[in-house]
Structure formats: structure tokens, C-alpha cells
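Structure first, commentary second.
The values are calculated or read from the model by the stated rules, or taken from the named source; none is laboratory data. Small disclaimer: the values here were computed from a predicted structure and weren't measured. When we count neighbours, we look across all protein chains shown, and the Cβ atoms used for this are built from the backbone with ideal geometry, even at glycine. Areas reflect the complete protein model, heavy atoms only, side chains present, ligands, DNA and RNA absent. Shrake-Rupley method; radii C 1.70, N 1.55, O 1.52, S 1.80 Å.
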Amino acid sequence: MAAKEQVREQVKNQIKLPRQYQVVIYNDDFTPMDFVVEILVTLFDKEEAAAVALMLEIHKGKYAVAGVYPRDIAQTKATQAVSWAREEGYPLKVEVVCV
């Protein structure tokens with residue numbers, strides 16, 4: 001019994017959580033505020049009120065963090081946001097930054 005418990009404990013100690021990455025959205029003078037809100041609601045699963053508050057944070061400052069995810073998810077969300085913005089003709093800048 002004691003050997004099984006030791007093995008379980010060793011396995012638990014070996015499991016590491018994936019690194020987390022921030023998806024950062026930057027302010028610009030051309031992307032409409034309502035479009036940024038739509039991205040936050042649709043791609044980042046924000047509630048409408050939270051999305052508006054985050055959009056205002058982006059608008060008043062230079063940037064804001066839209067979410068924190070493992071690398072693959074963060075890169076996918078950032079790519080989707082930029083692609084959507086380009087389809088609409090907006091120069092929205094979105095980056096993935098390691099936490």
C-alpha cells in the first residue's frame with residue numbers, strides 16, 4: 001500500500017500547469033468602440049457590461065488584457081480577432097504576451 005501512495009505522490013508532483021499568456025488589445029484611432037465590444041463578447045466570452053468597461057479601459061489607456069489563456073488558445077483568439085478586424089477594414093492590434 002505504501003508503495004502505491006508514493007507513486008501517486010510522485011505523479012502529482014510531476015504534473016505542471018501550462019504557462020499562461022495574456023491577450024492584449026491596443027487602442028487605435030480607427031477601430032470603432034462597438035466593434036471592439038463585439039470582439040470581446042464574441043471571441044473572449046465577456047458579458048456586455050464587462051466588455052464595455054474593458055473597451056473603455058482600452059480607449060482611455062493604451063491597452064488592456066482581454067483574457068489569460070494557455071499559449072495555443074491565446075494565439076488562436078488573437079489571430080481570430082485580428083483576422084476579423086482586417087475583414088472589416090480596421091487596424092486593430094492584438095498581441096499575445098507571456099505572463
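Some points to look at:
- Residue ID - least open to solvent (accessible area, probe 1.4 Å), chosen from residues in region 13-32 that are closer than 16 Å to LEU56 by Cβ and charged (D, E, K, R): ASP28
- Flag for LEU92 being within 13 Å of the chain's Cα centre (by Cα) and closer than 17 Å to GLN22 by Cα: no
- Per the listing VAL65, VAL52, the residue uniquely within 16 Å of VAL24 (Cβ to Cβ) and among the β-branched types (Val, Ile, Thr) is VAL65.
- Region 64-99 - residue that is part of a loop (DSSP other than H, G, I, E, B) and in contact (Cβ under 8 Å) with a residue 40 or more places away in the chain and, of those, surrounded by the most Cβ atoms within 10 Å (Cβ to Cβ): LEU92
- Members of region 38-63 that are outside any helix (DSSP H, G or I) and in contact with a Leu (Cβ under 7 Å, 6 or more places away or on another chain): LYS46
- Of the criteria (1) touching a residue at least 40 places away in the same chain (Cβ under 8 Å); (2) open to solvent by less than 90 Å² (accessible area, probe 1.4 Å); (3) outside any helix (DSSP H, G or I); (4) not basic (Lys, Arg), which one PHE35 fails: (3)
- Listed by first and then second residue, the pairs linking a residue in region 44-58 that is modelled with pLDDT of 95 or more to a residue that is open to solvent by 20 Å² or more (accessible area, probe 1.4 Å) and in a helix (DSSP H, G or I), with Cβ atoms under 6 Å apart and 6 or more places separating them unless they lie on different chains, are ALA51/VAL41; MET55/MET33.
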